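Only one structure is covered here, and it is reproduced in the block below.
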Amino acid sequence: MSAHSTNTFTFRPGTSADASLLADLGWRTFDETFAAYNKPEDMEAFHFTMYTPELQAAELADPHTTFLIAEAEGEAVAYVKWNTAPAPAEISGEKPFQISRLYLLQAWTGRGLGDTLMRMSLERAQQKGHDVVWLTVWESNERAIRFYQKYGFQEAGELEFVLGEDVQRDLYMHRPV
């Protein structure tokens, strides 16, 4: 996977040098999207369970994980994290492909970047011979659910998502490649 451009965006694979960048960008996008719906103390507690440079370095080193970073105007503005590890029982398929995170800074939504990252994700799943693409989404994130449904994702089950001390319900969604 090499860097290439579409419109004003450049896409490149994440490398071990991106641990701090992904920790910052991951947290900024998560905070922008979910802070208004959650208690500040739950958000803060979650921050350090998911978005530290050390945790991102471990994810970058995982052979089942690949990051694709989108840049605009010289800065990282979005990324997608792909995972090829075994899927939970709710996901059928012989060779699953997970879109683990598809995160954009709010200032860059509405410009087709989410669509581009989704198309690139589905193309990668097909190129690598996967038979099902899956993801999880918070049940209250209606905008994301509509976006995924637009690409043929359907609900396949549910799981608990723990944000600080708040136990929330996420949905598994999947679609054939």
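Just so you know, all these numbers are worked out from the coordinates, no wet-lab data involved. Just so it is clear, the structure is predicted and the values come from calculations on it, not from any experiment. As a convention, Cβ positions derive from the backbone with ideal geometry for all residues, glycine included, and neighbour counts pool all protein chains shown.
Backbone phi angles across segment 65-80, fed through the Karplus curve with coefficients 6.51, -1.76 and 1.60 (θ = phi - 60°), yield HN-Hα couplings of 10, 9, 10, 10, 9, 9, 10, 8, 6, x, 10, 6, 10, 6, 7, 10 Hz in residue order; Gly and Pro are listed as x. Couplings for segment 89-95, taken from phi via the Karplus curve 6.51 cos²θ - 1.76 cosθ + 1.60 with θ = phi - 60°, read 4, 5, 9, 8, x, 7, 9 Hz in order; Gly and Pro are left as x. Each label was represented as a point 7 Å from its Cα along the Cα-to-Cβ direction; for residue 154 and residue 8 these points are 3.9 nm apart.
Within the listed set 151, 79, 37, the residue fluctuating most in the Gaussian network model of the chain (springs between alpha-carbon atoms under 10 angstrom) is 37.
If you take all other residues with their beta carbon under 15 Å from the beta carbon of residue 177, and give Lys and Arg +1 and Asp and Glu -1, the sum is +2. Summed over qualifying helices (DSSP H, 4 residues or more, each -39500 (n - 2.57)) and divided by its residue number, the chain shows a 222 nm mean residue ellipticity of -10500 deg cm²/dmol.
A full extension of the chain between residue 39 and residue 126 corresponds to an added length of 27.4 nm, given 0.36 nm per residue minus the alpha carbon distance. Per the Debye calculation on the chain with a single equal scatterer at every Cα and no solvent contribution, log₁₀ I(q)/I(0) for q = 0.12, 0.20 Å⁻¹ amounts to -0.55, -1.68. For segment 110-151, the residues whose backbone nitrogen is under 16 Å from a point 7 Å from the Cα of residue 161, taken along Cα to Cβ, are 134-149.
If we count every other residue with Cβ under 15 angstrom of residue 101's Cβ, Lys/Arg +1 and Asp/Glu -1, where does the sum land?
Working: positive: 28, 81, 124; negative: 18, 24, 31, 32, 59, 62, 170.
After counting each charged neighbour, the total is -4.
Distances between placed amide hydrogens fall under 5 Å for residue 95 paired with 131, 132, all partners being 5 or more residues away or on another chain. Rounded to the nearest Hz, the phi-derived 3J(HN,Hα) couplings of segment 125-134 under the Karplus curve 6.51 cos²θ - 1.76 cosθ + 1.60 (θ = phi - 60°) are 4, 5, 4, 8, x, 7, 10, 8, 10, 9, where x marks glycine and proline. Which lysines, if any, have their Cα less than 26 Å from the Cα of residue 150, not counting same-chain residues under 8 positions apart? Filter leaves 81, 95, 128.
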